[in-house]
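Asks: Sending over a structure as structure tokens; questions will come in a sec.
The values are calculated or read from the model by the stated rules, or taken from the named source; none is laboratory data. Every value quoted in this text rests on a predicted model; they were computed, and no experiment measured them. No Cβ is skipped: glycine too gets one built from the backbone with ideal geometry, and neighbour counts run over all protein chains shown. Accessible surface areas use protein heavy atoms only, side chains included; no ligands, DNA or RNA. Shrake-Rupley method; radii C 1.70, N 1.55, O 1.52, S 1.80 Å.
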Amino acid sequence: VEGGAGQFEVNLLHQDDPVRAADQAILFRRAVRGVADKHNLLSTFMAKPFGDLSGNGLHVHMSMLDKKGDNVFDNGTDEGSENLRQAIAGLIDASPEAMIFLAPHLNSMRRFQDESHAPTRLSWGYENRTVAIRVPNDSNKNRRFEYRIAGADANPYLVMAALLGGILDGIQNKKTPPLPTTGNGYLCDAPRVPTSWRDALDCFENGQILAPTFGPLFTNVFAAVKHQEMRIADARVTDFEYDSYLQAF
């Protein structure tokens, strides 16, 4: 049981194929919805269904194996290898461009509130659940990172592709991450996670890391669909506006 009413954390077993991992995430969602429907209940993977309660995240744990099956994030220490730090650096740089996949809808952005268990800073740290990228305490063999930005409403295939693109950029360019955050990550001086839906799309369309990775066809079509969704959302008048303004003037 997690922080919200009727909210549960579910862990899917590790897969060495990111596409299969995404398949299983989709199948899990459909199974939950199907079971709930049979019992005349409603299940949701909406990112923030209740404004005053915990939102729903999609946390991704990743390690990387070489041809021998050895974890290249492991160097025999608790800190992990240079490859681990390079991957984290790449992810931090790519995260603003990835935000439209991590938080793809209007409601998605409502998760990112201080002290809400959803990260608001592009930071990382060891066994720190207030940062965007956590390196869990575990055996050296299981050295990995946990990426904590994505919401439960995200498309897991696009999330996986964006994370792999960021990791590739970090390792190929031998990037160095900022110092790990200790203490409360909500109070650190790392850049803020983008929380504007339109800004997130602009970051992807004009980015130098992920848009070239996804290619021009996908980038143009995906952006067109999102711009259409935003226009539809902009045309809707909310209950808040009716309650606040309808008879106020």
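Asks: Quote the relative contact order of the chain in percent (integer), defining contacts as alpha-carbon pairs under 8 Å separated by 6+ residues. Present the calculation step by step, with values, prior to reporting the outcome.
Replies: Values: 388 pairs, mean separation 54.4, N = 249.
Relative CO of the chain lands at 22 percent.
Asks: Here is a follow-up. Report the net charge of residues surrounding Tyr126, where surrounding means a beta-carbon distance below 9 angstrom and charges are Lys +1, Arg +1, Asp -1, Glu -1.
Replies: On the way: positive: Arg134; negative: Asp78, Glu79, Glu127.
Local net charge: -2.
Asks: Here's something else I'd like to know. Take every DSSP beta bridge whose two residues both sit in the chain, then give the antiparallel share in percent to the nearest 5.
Replies: Numbers: 8 of 11 bridges.
About 75 percent, rounded to the nearest 5.
Asks: If you put +1 on each Lys and Arg Cβ and -1 on each Asp and Glu Cβ, how big is the dipole of segment 21-128 around its Cα centre, in Debye rounded to 20? Don't jump to the answer; show the numbers that get you there.
Replies: On the way: 11 positive and 14 negative charges, 145 e Å.
The calculated dipole for segment 21-128 is roughly 700 debye.
Asks: Ranked highest first by average number of other Cβ atoms within 10 Å, how do 78-91, 202-215 line up? Numbers along the way, then the final one.
Replies: Details: 78-91: 21.6, 202-215: 17.1.
So the peptides 78-91, 202-215, ranked by packing, come out 78-91, 202-215.
Asks: Okay, moving on. If you look for lysine pairs in the chain that are eight or more places apart or on different chains, how many of them have Cα atoms under 28 Å apart?
Replies: Pairs that pass both the separation and distance tests number 10.
Asks: Antiparallel versus total DSSP beta bridges in segment 41-183: what percent is that, nearest 5?
Replies: Details: 7 of 10 bridges.
Once the DSSP bridges in segment 41-183 are tallied, antiparallel ones form about 70 percent.
Asks: Let me have the relative contact order for segment 113-205, percent, based on Cα pairs under 8 Å that are six or more residues apart. Can you show the working numbers first?
Replies: Working: 114 pairs, mean separation 31.4, N = 93.
About 34 percent, as a whole number.
Asks: Okay, next question. Going by the alpha-carbon gyration tensor, a ≥ b ≥ c the square roots of its eigenvalues, is segment 75-216 rounded (a/c under 1.5) or, if a/c is not under 1.5, prolate (a/b greater than b/c) versus oblate? Present the calculation step by step, with values, prior to reporting the outcome.
Replies: On the way: a/c = 1.82, a/b = 1.24, b/c = 1.46.
Oblate, since a/c reaches 1.5 and b/c is not below a/b.
Asks: For the full complex of protein chains and a 1.4 angstrom probe, list Tyr126, Tyr186 by accessible area with the highest value first. The partial results should precede the final answer.
Replies: Numbers: Tyr126 70, Tyr186 10 Å².
Reading off the accessible areas and sorting them downward yields Tyr126, Tyr186.
Asks: I need the shape label for segment 1-58. Rule: rounded when a/c is under 1.5, else prolate if a/b > b/c, else oblate, with a, b, c from the alpha carbon gyration tensor. Walk me through the numbers before you get to the answer.
Replies: Details: a/c = 2.36, a/b = 1.41, b/c = 1.68.
It comes out oblate by the Cα gyration axes.
Asks: Something else about it: Compute the acute angle (0 to 90°) between the alpha-carbon long axis of helix 216-235 and the principal axis of greatest extent of the alpha-carbon atoms of the chain; round to the nearest 10°.
Replies: With rounding to tens, the tilt is 30 degrees.
Asks: Just the accessible area for Phe218, please: 1.4 Å probe, Å², rounded to the nearest 10?
Replies: About 70 Å², rounded to the nearest 10.
Asks: With the full set of protein chains in place, find how many percent of the accessible area of segment 133-203 is carbon and sulfur; take the probe as 1.4 Å. It would help to have the intermediate numbers written out before the result.
Replies: Working: 1780 of 3300 Å².
Heavy-atom surface of segment 133-203 belonging to carbon and sulfur, 1.4 Å probe: 54 percent.
Asks: Mind grabbing the accessible area of His105 for me, 1.4 Å probe, Å², rounded to tens?
Replies: 60
Asks: Using a 1.4 angstrom probe on the protein heavy atoms only, could you order Val32, Val221 from most to least accessible area?
Replies: Details: Val32 45, Val221 80 Å².
Final ranking, largest accessible area leading: Val221, Val32.
Asks: Mean residue ellipticity at 222 nm from the helices of the chain, using -39,500 (n - 2.57) per DSSP H segment of n ≥ 4 over the full residue count, to the nearest 500 deg cm²/dmol?
Replies: -13000 deg cm²/dmol
Asks: So how far apart, in nm, are the two label points at Asn142 and Leu12 if each is 7 Å from Cα heading toward Cβ?
Replies: Result for the modelled spin labels: 1.9 nm.
Asks: Looking at [x] 160; [y] 116; [z] 129, which value of volume of the Cα convex hull per residue in Å³ comes from a calculation on the structure shown?
Replies: [x]
Asks: Further question: Just the number, please: carbon plus sulfur as a percent of the accessible area of segment 1-121, 1.4 Å probe, no ligands or DNA/RNA counted. Spell out each step's value before the answer.
Replies: Values: 3680 of 7160 Å².
Percent of accessible area from carbon and sulfur atoms in segment 1-121: 51.
Asks: Still on this structure: Any chance you could check the Cα centroid distance between segment 209-239 and segment 130-203 for me, in angstrom?
Replies: 22
Asks: Over segment 90-205, give the accessible area per residue in Å² for a 1.4 Å probe, as an integer.
Replies: Values: 4750 Å² over 116 residues.
Per residue, segment 90-205 has an accessible area of 41 Å².
Asks: Give the angle, between 0 and 90 degrees and rounded to the nearest 10, that separates the Cα long axis of helix 82-102 from the longest principal axis of the Cα atoms of the chain.
Replies: 10
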